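Here's the structure we're looking at; comments come further down.
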Amino acid sequence: MTTVDSKIDNLPWVEKYRPTTLDDVYGQTDIVETVRKFVHEGKLPHLLFYGPPGTGKTSTIIALAREIYGPNYKNMVLELNASDDRGIDVVRNQIKQFASTMQIFSKGFKLIILDEADAMTSVAQNSLRRIIEKYTKNTRFCILANYAHKLNPALLSRCTRFRFHPISEAAIKERINQVIIKENLHIEKKAENALLELSKGDMRRALNVLQACKAALSTDDEEIDQDMIYECIGAPHPQDIELSLDTILKEDWVKSYKTIEHVKREKGLALVDLMSGFVEVLSKYELSNAARVAILGGLADIEYGISRGGNDKIQTSAIIGVIKSAMEKQK
Ligand SMILES: Nc1ncnc2c1ncn2[C@@H]1O[C@H](COP(=O)(O)OP(=O)(O)OP(=O)(O)O)[C@@H](O)[C@H]1O
Ligand SMILES: [Mg+2]
């Protein structure tokens with residue numbers, strides 16, 4: 001008993017708290033209800049789940065497989081991670097072999113899960129179309145991807161599509177609260193709010209950050225505070241953003257530059273993160289249209305410049321310039 005328990009305890013929380021039934025999948029109610037209905041009516045089509053990371057695509061299909069086949073679902077399911085081994089051979093051989101062997105006592109169809117299918121080569125996707133048609137009698141395919149537009153249109157038209165949207169803060173909160181209770185954590189209200197906001201709809205990120213915070217505690221009774229959350233996520237603290245933005249708005253150019261450089265160095269922040277912080281704060285300000293357009297346009301160019309490897313010093317100066325000159329338009 002103890003060995004099993006300790007094995008579970010050593011798992012990363014994203015695995016420890018992976019939904020085992022469809023009821024444990026949070027914030028995707030419509031999708032869960034629809035696929036469940038398909039199963040109960042015995043009319044499961046080929047499925048395509050797509051959407052951003054950490055929203056429950058893999059978890060939902062595994063939970064669905066469990067619901068259809070019970071605990072021994074693995075015999076009836078072929079899971080292929082397309083981005084590990086994305087050649088055409090995988091598609092041809094593994095799928096063909098699995099799909100063409102009929103089990104004597106099989107319940108209807110087998111399930112083939114193609115995870116991260118948008119990483120497959122287009123040749124492999126092409127050969128998949130024919131295979132899907134050929135084996136529809138005794139198999140169902142479930143294709144999982146982050147981006148539907150990276151999939152072959154002919155493949156898309158063979159599947160019923162479900163878009164997994166970023167999980168709402170309320171749904172993440174519900175799940176996270178269960179984990180907080182089970183793991184006996186103490187967390188400040190403000191810290192919890194920051195965690196929900198910074199997770200941006202990604203449940204995997206929320207769980208990983210929470211686990212990282214737990215590991216950083218010196219005693220089990222210590223409370224997780226807002227600073228720890230920002231540090232674990234590596235996001236700039238709101239105070240640092242406000243300080244930097246304030247200096248741009250109020251001080252002269254040299255002073256602003258020095259303050260921002262100081263904040264960046266002291267807190268180990270990347271310029272892009274500071275910049276997205278500025279955009280978020282500025283979106284709450286009352287600005288004239290002209291000023292807003294000038295800021296967003298200017299910052300977008302700078303972001304592109306940074307991603308192309310632009311000089312940090314020049315880009316920092318450019319940010320100050322863009323915001324200061326846009327504020328002139330505000331007057
Ligand atoms: N809707 C959800 N309800 C409950 N837990 C979830 C949900 N979505 C994600 N999780 C948690 O996050 C982890 C990762 O989720 P999952 O593997 O299903 O994401 P995914 O959508 O397949 O992401 P990717 O696109 O990166 O493959 C799960 O183990 C689970 O703990
Ligand atoms: Mg996945």
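Considered as a group, the residues in segment 129-176 that are touching a residue at least 60 places away in the same chain (Cβ under 8 Å) and farther than 24 Å from Thr55 by Cβ include one that is farthest from the chain's Cα centre (by Cα), and that residue is Thr136.
Of the residues making up segment 233-252, those that are among the acidic types (Asp, Glu), surrounded by fewer than 19 Cβ atoms within 10 Å (Cβ to Cβ) and assigned to a helix (DSSP H, G or I) are Glu242, Asp246. On the stretch given as segment 205-227, residues that are among the small types (Gly, Ala, Ser) and either touching a Leu at 6+ places or on another chain (Cβ under 9 Å) or buried (at least 20 other Cβ atoms within 10 Å of the Cβ) (or both) total 1.
Of the listed requirements (1) closer than 30 Å to Leu207 by Cβ; (2) in a helix (DSSP H, G or I), Ala291 misses just one: (1).
In segment 116-128, the residues that are touching a residue at least 24 places away in the same chain (Cβ under 8 Å) form Cβ pairs under 6 Å with partners that are part of a helix (DSSP H, G or I) and more than 16 Å from ligand 1 (Cβ to nearest atom), at six or more places apart or across chains, as follows: Val123/Ile88; Ala124/Ile88; Ala124/Val91; Gln125/Leu155; Ser127/Ile88; Ser127/Val91; Leu128/Val91. Filtering segment 139-169 to residues that are open to solvent by less than 60 Å² (accessible area, probe 1.4 Å) and either in a strand (DSSP E or B) or at pLDDT below 85 (or both) leaves Thr139, Arg140, Phe141, Cys142, Ile143, Leu144, Ala145, Thr160, Phe162. Residues satisfying the criterion are absent from segment 206-213 (criterion: over 29 Å from the mean Cα position of the chain (by Cα) and not basic (Lys, Arg)).
Restricting attention to segment 269-289, does a residue exist that is touching a residue at least 12 places away in the same chain (Cβ under 8 Å), more than 27 Å from the chain's Cα centre (by Cα), open to solvent by less than 60 Å² (accessible area, probe 1.4 Å) and not assigned by TED's automatic domain parsing to the domain that holds Glu188? Checked segment 269-289: at least one residue is touching a residue at least 12 places away in the same chain (Cβ under 8 Å), more than 27 Å from the chain's Cα centre (by Cα), open to solvent by less than 60 Å² (accessible area, probe 1.4 Å) and not assigned by TED's automatic domain parsing to the domain that holds Glu188. Consider Ala171 carefully, then state whether it is within 16 Å of ligand 2 (Cβ to nearest atom) and under 28 Å from Val14 (Cα atoms). Criteria not met by Ala171.
The values are calculated or read from the model by the stated rules, or taken from the named source; none is laboratory data. Quantities reported herein were computed from a predicted structural model and do not represent experimental measurements. As a convention, Cβ positions derive from the backbone with ideal geometry for all residues, glycine included, and neighbour counts pool all protein chains shown. These area figures cover heavy atoms from the full protein model, side chains too; ligands, DNA and RNA do not enter into them. Shrake-Rupley method; radii C 1.70, N 1.55, O 1.52, S 1.80 Å.
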